[in-house]
Structures are given as structure tokens and as C-alpha cells.
1. Within segment 224-234, is even one residue more than 19 Å from the chain's Cα centre (by Cα) and at pLDDT 95 or above?
2. Limited to segment 33-92, what total is found for residues that are over 19 Å from His129 (Cβ atoms) and part of a loop (DSSP other than H, G, I, E, B)?
3. If you check Gly33 against the conditions, is it within 23 Å of Leu206 (Cα to Cα) and modelled with pLDDT of 90 or more?
4. Say whether the condition of being under 24 Å from Glu153 (Cα atoms) and not small (Gly, Ala, Ser) is met by at least one residue in segment 247-269.
5. On the given criteria, is Tyr39 surrounded by 19 or more Cβ atoms within 10 Å (Cβ to Cβ) and touching a residue at least 24 places away in the same chain (Cβ under 8 Å)?
6. Which of (1) buried (at least 22 other Cβ atoms within 10 Å of the Cβ); (2) in contact with a Phe, Trp or Tyr (Cβ under 6 Å, 6 or more places away or on another chain) is the odd one out, the single condition Ala221 does not satisfy?
7. For segment 158-168, enumerate the residues that are closer than 15 Å to Leu305 by Cα, touching a residue at least 60 places away in the same chain (Cβ under 8 Å) and surrounded by 14 or more Cβ atoms within 10 Å (Cβ to Cβ).
8. Identify all residues within segment 182-222 that are of a type in the set (S, T, N, Q) and more than 24 Å from Arg259 (Cα to Cα); write none if there are none.
Amino acid sequence: MAVYTEVPDDEVESFLTEYDIGEVLSLKGIAEGVENSNYILHTTVGNYILTLYEKRVKKEDLPFFLGFMQHLAAKGISCPIPIAGKDGDYLRTLCGRPAAITAFLDGMWPRRIQPFHCRALGKTMAEMHLAGADFTLERPNSLSVSGWQQLLESCESKGDQVKPGLTRELEQELAFLSSNWPDSLPKGVIHADMFQDNVFFIHENLSGVIDFYFACNDLLAYEIAICLNAWCFEPDNSFNVTKAQLMTRAYQETRPLTREELEALPILARGAAFRFLLTRLYDWINHPAGAFVKPKDPLEYLNKLRFHQSVKSVRDYGIVL
């Protein structure tokens, strides 16, 4: 979450007249994340999240995102529930941006990931995949293999400004991934951005998942690969096998993985590291002046990518076939 668009007091007051959620008492920007402008909205009725969707999020994708959150909530998955206006619509316009209000979700994201976090994540991830099986809307993953070439080109070879030789290394990796990416594994709707700041806990209990604005149809095992990158590396870049084991075992207790999915995890994890390296590089190069949020270091994911390049089989993650 972040703030790129400022919302004047009079505009939010006028905006809320289209809802039945009381009058505004306060509006506080959330200076985290890199995608949209987000505020904690406190009204005479309760607390909500107000989101203004910025340029990277396409307006035509918003019915998918909001609909998927509604679908998951109806299946018992704890996530932000979109709030409809008096006319029944969930999507509106504020300050020239598409905007929506969602219910406030209690909890805090873990600043220091512990093994129990990974166990709870694995279970919830599998539950989400099963719950989304009958979601009827579809959205292809624009940030998978087919979109990586365009994203790399949009960095205009400026990767070498971050690290000498980086652009060439990324070009070589893209060629490898394009030639070896699996396409016959089980598919479904994935969150695709389940980083620690998008997963809330109350003590040791996972209380909910937020920020579904990368959700898409893709390989279900790719979600696990993303989470291996996001949750199972230590600050010194070492890979924590125990966390990976706990996460994948908990996942499989709810949705068993096929042998083909398990065998594909090394290349999927390699691709996930590449994807986040690319988007972080793009954000680093194109960081908007005046934004409250600081862009994340792309080189963190270069280190993770190089680890996955050294992996010989899924057993190197502590996962037994």
C-alpha cells in the first residue's frame, strides 16, 4: 500500500455521501507498498480502507479483483470485503482515479517471519486455491513469461546503473525461462503477490489476506514458488529449509501437489524471483517524485534468483517427492 494521490477533505466527504457507512471522522494515508493509493478511513460507523487505483492497475481488471474478494469471503476466506454504494456499485471515481472502499481487516503483518507464520500461510494458500476453483471470471497473468520481455525492455537497459552487467544477466535468464517454463500443471486463480505485508496475523493466527490487485489465472504451484521467495529467505539471503517444509506440508494437507508440480518448483521459484527482480527494477528506475513510499531494492531478488539457479532438485528446498 502507498499514497500517490492526495484526497482533499471536501472530496472524501462528498464521496461518502454515495455510501451508507456514516460520515468521515479521519482519513490517514498508508505509506507502504508500491501500487495504489491507500487510506485508513474512519467514519461514524467504523473503519474501512479507501483505495485509489493508480496507473499500473487497469480499470477493466477491477471487477475481477473485487469480485474475487467477494467470492473468497463467501467461501469463508478472511479478506477485505468490497463495500457497495447506495446504488449497489462497488467501483466509483475519486480525484480522477477509480476508487473503492473495502472492510477493514484486523491484524498485523509479521515484521520477522517465524516458522509458524509459514505453516499458517501454507494452509490458507491451499484453502484459497480450492475456494477459487469455481470463480467464473478470468484474468491472465500479465506479469508471467509472456509479459517479462516487455517489462525488461521498458527498463531501457538501465539495469547496469543498478549493477554493472545486470541487463545482460536478465536477458540470459529470460531466454532460459522462456524455453523451460512449464505449461501443463494445474491452474486456477492465484493471489500472485502474497508477501508478508499482505498477510495479517493476530498473535500466531492468520487473520486475513489483503491486496488482491495482482490476482490472476495461472499455475497454482507458481503461488507456492512466489511464497518460497517471499517467506523462506533470511535477512542474510540464506534459504530456510524448515520454513519451506512447514509451508509446503501445510499446503499439501489441504491440497496435495502432483509430482509434476513438485518437480517444477525449482524453475517456478526461479521465475518468481525473476519477476519480482524485474518489477522492483522498473519501480527503482521510474520512482515518482514526491511518493511517500521508498522503492524496494531489486538486488535482493538477484541474490534469490542466483540461489534458485544453483538448485538441482526440489529436495534442495527440503521437500521430499
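1. Yes, that holds for at least one residue.
2. Qualifying residue count for the region: 23.
3. no
4. yes
5. So Tyr39 passes the test.
6. Status for Ala221: all satisfied but (2).
7. Matches in segment 158-168: Leu166 only.
8. Of everything in segment 182-222, those that are of a type in the set (S, T, N, Q) and more than 24 Å from Arg259 (Cα to Cα) turn out to be Gln196, Asn198, Asn205, Ser207.
The values are calculated or read from the model by the stated rules, or taken from the named source; none is laboratory data. If you're wondering where the values come from, they're calculated on a predicted model, not measured in any experiment. Here the Cβ is made from the backbone with ideal geometry for all residues, glycine too, and neighbour counts use every protein chain on show. To get the accessible areas, we keep the full protein, side chains included, count just its heavy atoms, and leave off ligands, DNA and RNA. Shrake-Rupley method; radii C 1.70, N 1.55, O 1.52, S 1.80 Å.
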